[in-house]
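The values are calculated or read from the model by the stated rules, or taken from the named source; none is laboratory data. None of the values given here were measured: they were computed from a predicted structure. As a convention, Cβ positions derive from the backbone with ideal geometry for all residues, glycine included, and neighbour counts pool all protein chains shown. For accessibility, only protein heavy atoms count, side chains too; no ligands or nucleic acids. Shrake-Rupley method; radii C 1.70, N 1.55, O 1.52, S 1.80 Å.
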Amino acid sequence: GAVVSQHPSWVICKSGTSVKIECRSLDFQATTMFWYRQFPKQSLMLMATSNEGSKATYEQGVEKDKFLINHASLTLSTLTVTSAHPEDSSFYICSARDWRPGGGNQPQHFGDGTRLSIL
Amino acid sequence: KNQVEQSPQSLIILEGKNCTLQCNYTVSPFSNLRWYKQDTGRGPVSLTIMTFSENTKSNGRYTATLDADTKQSSLHITASQLSDSASYICVVLYGNNRLAFGKGNQVVVIP
């Protein structure tokens, strides 16, 4: 079945550091990937939609200069948290939709998330 | 008010027992409703997906129901196992491929 791989799974770093998170679709091509943020006991909150070969679409209130998204190929999207601060600490999850035949109602496939802790 | 409301927020059940989780939504136009299982520190994994015309769908010990008229869904877990301990998230696809997420039902199965 469709698999989405996310790396790294856990990052601990100092305030001011920039952190890059990778999201890969392993056995299907994804022209669109999605980046979510999840706080404890809360819903997943869509941050941005990553479009292959074009600019990402950010949700209202999400700083595009803070969260840089690059979707350079049909199987890879990256999220870079620039100059991270403690308030950026959260669980970041990516997802992709498998548009192969049989789709339409295909669920989004989620990565296993990246836990980001900024000290 | 959240567009997808789940209840109960959390529950503890004995291993082997059944439980039912509820999901009410307000978003429209409706496309489909999915239930995901999210283990602690992991990404959500799809359990079931139902369209407007489907009333029930099963995946092993998980059975989901949907009443699109009342905008309600439930997820029934039969003969719970310790590995069922997780957060169960109700997600509705609506409008122009928009997703609305519930906060999840936190289930803890104890021996």
Practice problem: Quick one: in segment B:31-62, of everything that is surrounded by fewer than 19 Cβ atoms within 10 Å (Cβ to Cβ) and hydrophobic (A, V, I, L, M, F, W, C), which residue is modelled with the lowest pLDDT? | Solution: B:52
Exercise. Could you tell me whether any residue of segment B:86-106 is open to solvent by 40 Å² or more (accessible area, probe 1.4 Å) and within 12 Å of residue B:47 (Cβ to Cβ)?
Key: no
Quiz item: In segment A:74-94, is there at least one residue being without any contact (Cβ under 8 Å) to a residue 24 or more places away in the chain, open to solvent by 40 Å² or more (accessible area, probe 1.4 Å), in a loop (DSSP other than H, G, I, E, B) and not hydrophobic (A, V, I, L, M, F, W, C)?
Solution: no
Practice problem: For segment A:95-119, enumerate the residues that are modelled with pLDDT of 90 or more, more than 8 Å from every other protein chain (Cβ to nearest Cβ) and crowded, with 19+ Cβ neighbours inside 10 Å. | Solution: A:96, A:114, A:116, A:118
Quiz item: In this structure, is residue B:83 assigned to a strand (DSSP E or B), more than 10 Å from residue B:34 (Cα to Cα), at pLDDT 95 or above and open to solvent by 10 Å² or more (accessible area, probe 1.4 Å)?
Solution: no
Quiz item: Consider residue A:71 against the criteria (1) surrounded by fewer than 21 Cβ atoms within 10 Å (Cβ to Cβ); (2) free of Cβ contacts under 8 Å to residues at least 40 places away in the same chain; (3) not small (Gly, Ala, Ser): it satisfies all of them except one. Which criterion is unmet?
Solution: (1)
Quiz item: Checking residue A:61 against (1) part of a strand (DSSP E or B); (2) away from chain B (no Cβ under 14 Å); (3) under 26 Å from residue B:92 (Cβ atoms), which single condition isn't satisfied?
Solution: (1)
Self-check item: Residue ID - surrounded by the fewest Cβ atoms within 10 Å (Cβ to Cβ), chosen from residues in segment A:26-49 that are of a type in the set (Gly, Ala, Ser) and within 15 Å of residue A:69 (Cβ to Cβ)
Solution: A:48
Exercise. Scan segment B:1-30 residue by residue and report those that are more than 12 Å from the chain's Cα centre (by Cα), crowded, with 16+ Cβ neighbours inside 10 Å and within 23 Å of residue A:97 (Cβ to Cβ).
Key: B:3, B:27, B:30
Quiz item: Is there a residue being away from every other protein chain (no Cβ under 14 Å) and not in a strand (DSSP E or B) anywhere in segment B:37-51?
Solution: no
